[in-house]
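Take a look at the structure below.
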Amino acid sequence: MELRKNYFADVRKDDLHEVGQPRPRSDSPGHVTGKTAFFADRNFPGMLHLKMVRSPHHHARIRSIDTSEAEKHPGVVKVLTAKDVPHNVYTILILIQIGPEDETVLADGKVRWKGEAVVAVLAETERAAQEAAAKVKVDYEVLPAVFDMEEALKPGAPLVNEYHGRNYYLYDSGECRKVRFGDVEAGFAGADHILEQSYQSSPIEHAPTETTGCVVVPEGNDRFTCYTNTQAMFFTLDNASIILQMPGSKLHFVGGTVGGGFGGKVDVIVEPIAILGAKLTGRPVSFIYSREEEMQISSPRAAEKVVIKDGVMKDGRIIARKVTGYTDAGAYSRHSPYGAQKGAGHYPGPYTIPNVWIDTYCVYTNRTPSSAMRGFGVTIGDFALEVQMDRLARLIGMDPLEFRFINAYRDGDMKAHRQPTEGAALIECMQEASRAANWPVAEKYMAMSSYVKGA
Amino acid sequence: MAKVPVQFTLNGSEKAEFIDSGTTLLNALRDKVGDTSPKGGCHQGTCGACSVIIDGELRLSCLTLAETCNGTAITTTSGLAEGGVLQPLQRAFLDTFATQCGFCTPGMIMAAKVLLDHTPNPSRDEVVEALSGNICRCTGYEPIIQAVLTAARANSQNAA
Ligand code: FES
Ligand code: FES
């Protein structure tokens, strides 16, 4: 590996001993010998298998649930419905005071997305659990559903989630997260060119090779050991403690070995119900998503829509940027209010723009709840912003890389959300990219610096 | 449910189990025999994480009924290292950073082993073809391809 030590040489002690050196991964020997213990590699005598009965409708009222046939199915040990869950309505981010609680562990009176968990069946074998789940009878009254964010925000749209009472997340700043910096309209008025474009993305599934799941063992000391592939151990433990109304000291979580996560395993979905099953039956419980569940049920990256309007000068300076961002949370919040909020801080991009106006909405629809995925809230925004940057450069007939040098943020610049820029390295990255990609730029850009004033 | 006897060798040792008829080899190995090195990523023949070697041929254990394996010799990744010493293929996966989460690794190693057993000096295209039934969501495949080519070189040096 080649390390370029000329960048930041004057502000860094050159004492890198580990960076640039290959070091063996500590977990690789386990992987190549098949010894690494993933959660599903734990097998316990008497272990039960949990299967979910899921909603076939995008939006429906539940008139009644009849589990009597399922309970009689050979091998079935327990059938759970909403009334069995001590604290059935929860939301993951309540741990950091981001409410309201808006999601049911098992549906209670209503389903809000196709695939929502309604009834949990625990049986001696996977097959028995599957067969019994097919015998649960749920009587639904289908309701009108909404799948498009802009439709959901119109007056008269079907209300997705009563816990919010409106189809968007209500921030303390109102119906959206807002950033106001300078005077964007004055900026547009003084611009040589205006470019407005909208960008849209679909939900993206992480598709980890190992599906989501956990194995729970009731221990002799009245505690429960939960082997899980969650990416969020303490979030999961604390939320399980709330949902089960059980002190966290009764829960022992074992994890850290995740067969691919990419953000798809940060929601608290399988553990609480599996622990409840173990508690009510006194037996180990395994709840593992099928591949179909992993693709259809686990949260994807949110669909997003980003509308960007820029005012640009002929000399390359962007002088005004107005962005409206929409994040499709699906039926429940999970991590999406946070994703939309991240977008608000991020949309100016790594550029210094004197007049900025941003609104980001977290919208509820009857789609699969979305959540975290690698840079959620910013990745789609970056796609939109950088396509927009190329278009702006083309509009004024400027090289797209030189255009970015002109607008790049530097140490000391005030960002639109009032954080002064510190430790910027965009200019240096672009200088290196220019060399590596053999995309030359004018000498004055190669002489620029993120942190030396005037350079 | 009536039980069916099955008997095979697993990594050289004799195994005999009574299983439910219809049990996949993947579940029999993992839940009955206790070899959890084959992984279940899809249980429908699409990911390759469950790959094992049966009588020298690469097989998806999730699509193989255990009762059809009577009298066969089965190899899994857990049986490769002898006396704790890694085989060149395992060593190469380690050295080229061909594992990240590691969930696909045992299946990848099985597919690579069958390739190298039949074709000791494969071309890059042959490696890609041999691994095409195995999904890896983490590495982007390139380090895995390099691992197999590296192992092939190491094998031929050892043979020379
Ligand atoms: S588990 Fe056999 S191919 Fe995926
Ligand atoms: S290393 Fe994670 S799937 Fe291959």
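Observations on the structure shown:
- Residue check, residue A:248 surrounded by fewer than 23 Cβ atoms within 10 Å (Cβ to Cβ) and away from ligand 2 (no atom under 16 Å from the Cβ): yes
- Within the range A:131-143, at least one residue is more than 30 Å from the chain's Cα centre (by Cα), assigned to a loop (DSSP other than H, G, I, E, B) and buried (at least 18 other Cβ atoms within 10 Å of the Cβ).
- Inter-residue pairs, beta-carbon under 6 Å, first within 8 Å of another protein chain (Cβ to nearest Cβ) and in the range A:29-51, second of a type in the set (Asp, Glu) and surrounded by fewer than 18 Cβ atoms within 10 Å (Cβ to Cβ), 6+ apart: A:43/B:31
- Some residue of the range A:337-352 being in contact (Cβ under 8 Å) with a residue 24 or more places away in the chain, over 21 Å from residue A:181 (Cα atoms), open to solvent by 10 Å² or more (accessible area, probe 1.4 Å) and touching a Ser or Thr at 6+ places or on another chain (Cβ under 8 Å): no
- Scanning the range A:146-163 for residues that are part of a loop (DSSP other than H, G, I, E, B), open to solvent by less than 70 Å² (accessible area, probe 1.4 Å) and in contact with a Ser or Thr (Cβ under 8 Å, 6 or more places away or on another chain) yields A:146, A:148, A:160.
- Selected residue (criterion: least open to solvent (accessible area, probe 1.4 Å)) from residues of the range B:1-35 that are free of Cβ contacts under 8 Å to residues at least 40 places away in the same chain and part of a loop (DSSP other than H, G, I, E, B): B:34
- Residue count for the range A:360-375, restricted to those that are more than 25 Å from residue A:55 (Cα to Cα) and open to solvent by less than 10 Å² (accessible area, probe 1.4 Å): 1.
- Verdict on residue A:437 being surrounded by 13 or more Cβ atoms within 10 Å (Cβ to Cβ), under 35 Å from the mean Cα position of the chain (by Cα) and small (Gly, Ala, Ser): no
- Of all residues in the range B:38-59, those satisfying the criterion of being more than 14 Å from residue A:209 (Cα to Cα) and surrounded by fewer than 24 Cβ atoms within 10 Å (Cβ to Cβ) are B:53, B:54, B:55, B:56, B:57, B:58, B:59.
- Residue A:69 away from chain B (no Cβ under 14 Å), open to solvent by 40 Å² or more (accessible area, probe 1.4 Å) and of a type in the set (D, E, K, R): yes
- Residue in the range A:42-60 that is more than 30 Å from residue B:11 (Cβ to Cβ) and surrounded by fewer than 18 Cβ atoms within 10 Å (Cβ to Cβ) present: yes
- Pair list, Cβ under 8 Å, 6 or more apart: the range B:127-145 residue under 20 Å from residue B:50 (Cβ atoms) and within 13 Å of chain A (Cβ to nearest Cβ), other residue within 8 Å of ligand 2 (Cβ to nearest atom) and in a helix (DSSP H, G or I): B:134/B:108; B:136/B:108; B:136/B:144; B:144/B:108
- When each of A:93, A:106 is tested for being farther than 21 Å from residue A:288 by Cβ and open to solvent by less than 50 Å² (accessible area, probe 1.4 Å), the lone residue that passes is A:93.
- Tabulated pairs, the range B:82-108, first farther than 16 Å from residue B:154 by Cα, second β-branched (Val, Ile, Thr) and within 16 Å of ligand 1 (Cβ to nearest atom), C-beta under 6 angstrom, 6+ apart or interchain: B:99/B:105; B:103/A:209; B:104/A:209; B:106/B:77
- From the options A:115, A:182, residue that is touching a Pro at 6+ places or on another chain (Cβ under 9 Å), surrounded by fewer than 22 Cβ atoms within 10 Å (Cβ to Cβ) and under 30 Å from residue A:47 (Cα atoms): A:115
- Selection within the range B:101-121 - outside any helix (DSSP H, G or I) and either surrounded by fewer than 20 Cβ atoms within 10 Å (Cβ to Cβ) or of a type in the set (A, V, I, L, M) (or both): B:119, B:120, B:121
- Inside the range B:13-53, residues that are more than 9 Å from chain A (Cβ to nearest Cβ), touching a helix residue (DSSP H, G or I) at 6+ places or on another chain (Cβ under 7 Å) and more than 16 Å from ligand 2 (Cβ to nearest atom) make up a count of 13.
- Subset of the range A:195-242 [within 25 Å of residue A:46 (Cβ to Cβ), under 17 Å from the mean Cα position of the chain (by Cα) and in a helix (DSSP H, G or I)]: A:236
- Of all residues in the range A:241-276 being within 14 Å of chain B (Cβ to nearest Cβ) and small (Gly, Ala, Ser), the one that is farthest from residue B:138 (Cα to Cα): A:255
- Screening residue B:91 with (1) more than 14 Å from ligand 2 (Cβ to nearest atom); (2) open to solvent by less than 10 Å² (accessible area, probe 1.4 Å); (3) in a helix (DSSP H, G or I) gives one miss only, at (2).
The values are calculated or read from the model by the stated rules, or taken from the named source; none is laboratory data. Being a predicted model, the structure only gives us computed values, none of them experimental. Cβ sites come from the backbone with ideal geometry, for glycine too, and all protein chains shown count toward neighbours. Protein only, heavy atoms only, side chains kept; ligands, DNA and RNA dropped before computing areas. Shrake-Rupley method; radii C 1.70, N 1.55, O 1.52, S 1.80 Å.
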